[in-house]
Amino acid sequence: MPRGMFKSGRLRKISVRTPGSRVAVHYRERKPSKTLCGSCKKQLAGVPKGIPSVVKNMPKSAKRPERPYGGMFCSACTRLLLKQQARGASP
């Protein structure tokens, strides 16, 4: 019977074969959902999808792309937004 902390659904079950050739159940944290673009909802490239405790210790440059609106909009939407701003129109 699993302990109470393992029954919540917060952790996912992983089957692991041990050196004694039996299959044990290990519990691991679930990964968060993929990061999406703010306007077109496409998956963002260059943004890691990891457990928060691991992502927290990564350098800032590894957490999102080094460009304006990096980590918020995809490159195509950023290009359109910058063009509109250059023309003087509101986004």
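Values in this text are rule-based calculations from the coordinates and carry no lab data. Everything quoted here is computed from the prediction, not taken from an experiment. Quick reminder, even Gly has a Cβ in these numbers, built from the backbone with ideal geometry, and neighbours come from all protein chains shown.
May I ask you to list the residues in the range 18-42 that are among the hydroxyl-bearing types (Ser, Thr, Tyr) and more than 27 Å from residue 7 (Cα to Cα)?
35, 39
Please find, among 24, 86, the residue that is loosely packed, with under 10 Cβ neighbours inside 10 Å and among the aliphatic types (A, V, I, L, M).
86
Take the residues in the range 50-59 that are surrounded by 11 or more Cβ atoms within 10 Å (Cβ to Cβ) and part of a helix (DSSP H, G or I), then tell me which one is nearest to the chain's Cα centre (by Cα).
So the residue we want is 55.
May I ask you to list the residues in the range 11-39 that are closer than 14 Å to residue 74 by Cα and out of contact with any Leu (no Cβ under 9 Å at 6 or more places or on another chain)?
Within the range 11-39, just 38 meets the criteria.
Results for (1) surrounded by 11 or more Cβ atoms within 10 Å (Cβ to Cβ); (2) assigned to a loop (DSSP other than H, G, I, E, B); (3) touching a Leu at 6+ places or on another chain (Cβ under 6 Å), shown as yes or no for each residue.
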site: 1; (1), (2), (3): no, yes, no
site: 9; (1), (2), (3): no, yes, no
site: 41; (1), (2), (3): no, yes, no
site: 48; (1), (2), (3): yes, yes, no
site: 61; (1), (2), (3): no, no, no
site: 71; (1), (2), (3): yes, yes, no
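Tell me which of these residue 15 doesn't satisfy, since it passes every other one: (1) surrounded by 11 or more Cβ atoms within 10 Å (Cβ to Cβ); (2) part of a strand (DSSP E or B).
It is condition (1) that residue 15 fails.
So which pairs qualify, if the first residue must be in the range 34-46 and touching a residue at least 40 places away in the same chain (Cβ under 8 Å) and within 11 Å of residue 71 (Cα to Cα), the second must be among the aliphatic types (A, V, I, L, M) and surrounded by 14 or more Cβ atoms within 10 Å (Cβ to Cβ), the Cβ gap must be under 7 Å, and the two must be at least 6 apart or on different chains?
37/44
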